[in-house]
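Structure, as structure tokens:
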Amino acid sequence: MLFGVLLDRIIKRGSLTIVDAAGHEQTVGDGSGEAIVVRLHSRALHTSLVLNPYLKLGEAYMDGTLTVDAPHTIYDFLDLTIGNLGTEFAHPLARAVYLLRRAKRGFDQYNPLGRARENVAHHYDLDGGIYDLFLDADKQYSCAYFERTGMTLEDAQMAKKTHLASKLRIEPGMRVLDIGCGWGGLALYLAEETGAEIVGVTLSREQHKVAVRRAAERGLEDRVKFYLQDYRTVAEPFDRIVSVGMFEHVGVRHYAEYFNTLKSLLKSDGVALVHMIGRLDEPGATNPWIAKYIFPGGYIPALSEVSAVVERSGLLMTDLEILRLHYAETLRQWRERFLAKRDVAAKIYDERFCRMWEFYLAGSETSFRHEGMVVFQLQIAKDIGTLPLTRDYMTDWERARRTADAPRRYAVGE
């Protein structure tokens with residue numbers, strides 16, 4: 001069994017049993033722990049999983065031609081495999097496929113205005129009920145901030161918004177642009193907490209509709225405006241710009257365009273904060289299954305790819321924080337919540353969609369645990385003297401919001 005031969009080279013810790021379409025079994029690993037049993041129900045998988053595992057594994061699970069015996073799940077299989085694989089697997093064939101994917105990424109991530117809208121619609125214009133199954137009450141669809149152990153998802157997402165706000169140093173009356181504003185939670189939070197005027201832009205019709213409604217429900221429509229608009233078409237100046245979980249959709253060919261746009265929109269004493277998924281190793285390529293089924297046009301950059309463009313833009317990187325494992329914990333809670341309401345998801349779409357979404361959440365979590373995926377928070381300014389010399393202003397902001405009414409806010413969420 002070719003797939004078994006491949007896995008035998010990878011799995012050195014733990015125990016995995018592969019049952020092929022003819023019923024033949026092969027066990028790999030060192031025998032430690034309870035064996036995870038994976039079954040292949042199609043002979044075609046014997047070859048396709050070896051030739052193109054990064055695409056065909058997810059497709060096989062979606063189609064039901066690859067299953068995992070209970071009590072284990074696809075997460076357990078991916079955690080075992082990726083945990084053994086890490087970032088060090090360098091089989092010549094795998095390396096060749098990787099280099100080919102990397103060579104064509106400029107084409108894959110070409111995101112002019114029209115195509116960018118289509119890519120966003122593919123993922124974010126799903127039936128809104130799907131996101132309600134696993135996100136927090138504020139519909140924060142980005143990495144939470146686990147500042148202490150045992151935090152609920154609601155607590156950690158509130159802490160994320162507070163953490164972001166602490167780095168922006170927003171004053172009452174300032175104008176703030178939220179690029180890729182999602183369902184509006186961060187914009188509404190910033191308006192309420194700082195007294196600023198917020199403009200949020202998104203390419204998702206569903207997100208825009210919800211954000212506008214939420215602003216009206218909270219009586220903030222005079223200070224928080226949401227537009228169905230590409231950030232590249234915004235023309236007015238802003239004191240602050242924030243962008244959370246959007247840069248991954250920009251595309252490598254558009255990085256200069258992105259940061260040049262930030263520079264043109266920021267006032268001379270302006271500050272921008274970009275929160276993005278990143279990789280700790282060298283520049284790479286998007287997983288083909290993710291690119292096909294989840295985030296077309298998306299890419300997770302290495303820091304070297306981003307910092308070089310910031311330098312050329314003339315902007316100044318004034319602070320950098322790397323959040324390790326925070327997204328892994330976020331994804332774990334999303335995955336558990338989704339699986340707890342899987343039957344509802346199946347009624348909204350179908351079983352194939354449920355298997356696709358489970359694979360997406362499980363695969364993403366294991367990438368953050370084992371493959372060097374992290375979150376970068378880049379603080380950027382035009383003037384080196386705009387912000388205080390120490391980071392005390394950040395911790396002071398967060399500390400102030402943990403007092404007085406903080407217990408109520410963190411328990412309830414937004």
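The values are calculated or read from the model by the stated rules, or taken from the named source; none is laboratory data. This structure is a prediction, so every number in the text was calculated from the model and none was measured. Ideal geometry is used to build each Cβ from the backbone, glycine not excepted, and the neighbour counts take in all protein chains shown. Accessible surface is based on the protein model in full, side chains and every heavy atom, while ligands, DNA and RNA are left aside. Shrake-Rupley method; radii C 1.70, N 1.55, O 1.52, S 1.80 Å.
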Exception for Ala362 within (1) over 30 Å from Val271 (Cβ atoms); (2) open to solvent by 40 Å² or more (accessible area, probe 1.4 Å); (3) among the aliphatic types (A, V, I, L, M) falls at (2)
Which of the residues spanning the range 383-395 are surrounded by fewer than 18 Cβ atoms within 10 Å (Cβ to Cβ) and touching a helix residue (DSSP H, G or I) at 6+ places or on another chain (Cβ under 8 Å)? Tyr393, Thr395
Determine which member of the set Gly173, Gly185, Gly200 is open to solvent by 20 Å² or more (accessible area, probe 1.4 Å) and of a type in the set (Gly, Ala, Ser). Gly173
Looking only at the range 2-19, and only at residues there that are at pLDDT below 95 and farther than 12 Å from Leu85 by Cα, the one that is nearest to the chain's Cα centre (by Cα): Phe3
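Looking at Glu311, Glu257, Glu305 in this structure, which one is acidic (Asp, Glu) and either closer than 26 Å to Leu325 by Cα or in contact with a Phe, Trp or Tyr (Cβ under 9 Å, 6 or more places away or on another chain) (or both)?
Details: Glu311 fails: either closer than 26 Å to Leu325 by Cα or in contact with a Phe, Trp or Tyr (Cβ under 9 Å, 6 or more places away or on another chain) (or both); Glu257 fails: either closer than 26 Å to Leu325 by Cα or in contact with a Phe, Trp or Tyr (Cβ under 9 Å, 6 or more places away or on another chain) (or both).
Exactly one of Glu311, Glu257, Glu305 is acidic (Asp, Glu) and either closer than 26 Å to Leu325 by Cα or in contact with a Phe, Trp or Tyr (Cβ under 9 Å, 6 or more places away or on another chain) (or both), namely Glu305.
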Residue list for the range 7-40, filter: assigned to a loop (DSSP other than H, G, I, E, B), at negative phi and surrounded by 15 or more Cβ atoms within 10 Å (Cβ to Cβ): Ile11, Asp20, Ala21, Ala35
Take the range 229-257 and flag every residue that is surrounded by 22 or more Cβ atoms within 10 Å (Cβ to Cβ) and either free of Cβ contacts under 8 Å to residues at least 40 places away in the same chain or among the β-branched types (Val, Ile, Thr) (or both). Ile241, Val242, Val244, Val250
Pull up the range 365-382, narrow it to residues that are open to solvent by 40 Å² or more (accessible area, probe 1.4 Å) and assigned to a loop (DSSP other than H, G, I, E, B), then point me to the one that is modelled with the highest pLDDT. Lys382
Tally, over the range 299-314, of residues that are open to solvent by less than 10 Å² (accessible area, probe 1.4 Å) and either in contact (Cβ under 8 Å) with a residue 60 or more places away in the chain or among the β-branched types (Val, Ile, Thr) (or both): 3
Would you mention how many residues in the range 262-288 are at pLDDT 95 or above, part of a helix (DSSP H, G or I) and either under 30 Å from Met62 (Cα atoms) or open to solvent by 20 Å² or more (accessible area, probe 1.4 Å) (or both)? 2
For the list (1) open to solvent by 10 Å² or more (accessible area, probe 1.4 Å); (2) closer than 24 Å to Gly129 by Cα; (3) of a type outside the set (A, V, I, L, M); (4) in contact (Cβ under 8 Å) with a residue 60 or more places away in the chain, I need the number of the one condition that Glu193 fails. (2)
